[in-house]
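Worksheet: one structure, shown below.
The values are calculated or read from the model by the stated rules, or taken from the named source; none is laboratory data. Remember, predicted model here, so these are calculated numbers, not experimental data. Neighbour counts are summed over all protein chains in view; Cβ atoms, including those assigned to glycine, are modelled from backbone coordinates with ideal geometry. Remember, those area values only see protein heavy atoms, side chains included, never the ligands or the DNA or RNA. Shrake-Rupley method; radii C 1.70, N 1.55, O 1.52, S 1.80 Å.
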Amino acid sequence: MEAEILGIAKDMMQVAMILSFPALFVSMIIGLMISIFQATTQINEMTLSFVPKLIGIAIVVILTAPWAMNTLIDFTTRIFKMIPTFIQ
C-alpha cells in the first residue's frame, strides 16, 4: 500500500513537471532574449521583461491547453481507477 501511494506521488510530481515545462521554457527563452537585448543596448529597465514574458506564457498556455487537459484527465482517471484497491 505504501509503495502504491509513493508511486502516485511520483506520478503526480512527473505530471506537474511535464505540464509546467512549456511555460517555464518559453519564459526562460524570452528572458534570455530580453537580457541580451538589454546588455547590447545598455537599457537597464527591470520591468521591460515582464510584459513579453506574460504574453509569451499566455500564448503557450492557450496553445498547450488541450494537451495539458488530456494529460490531467488521464492522470485523474488512473487515480480514480486505483481507488478500489485502497478500500479494504
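The single condition among (1) part of a helix (DSSP H, G or I); (2) loosely packed, with under 10 Cβ neighbours inside 10 Å that Ala68 does not satisfy is (2). Could you grab me the full set of residues in segment 2-13 that are open to solvent by 80 Å² or more (accessible area, probe 1.4 Å) and within 13 Å of Asp74 (Cβ to Cβ)? Within segment 2-13, Met12 is the sole residue that qualifies.
Looking at Ala3, is it assigned to a helix (DSSP H, G or I) and at pLDDT 95 or above? It would help to see each step written out before you state the result.
Values: assigned to a helix (DSSP H, G or I): yes; at pLDDT 95 or above: no.
So Ala3 does not fit the description; no.
Only one of Gln38, Gln88 is without any contact (Cβ under 8 Å) to a residue 60 or more places away in the chain and part of a helix (DSSP H, G or I); which? Quick ask: steps written out before the conclusion?
Numbers: Gln88 fails: part of a helix (DSSP H, G or I).
Result: Gln38 is the single residue among Gln38, Gln88 that is without any contact (Cβ under 8 Å) to a residue 60 or more places away in the chain and part of a helix (DSSP H, G or I).
Residues that are touching a Ser or Thr at 6+ places or on another chain (Cβ under 9 Å), farther than 27 Å from Glu4 by Cβ and of a type outside the set (S, T, N, Q) do not occur anywhere in segment 61-77.
Taken over segment 20-40, the criterion of being open to solvent by less than 70 Å² (accessible area, probe 1.4 Å) and among the aliphatic types (A, V, I, L, M) is satisfied by Ala23, Val26, Ile29, Ile30, Ile34.
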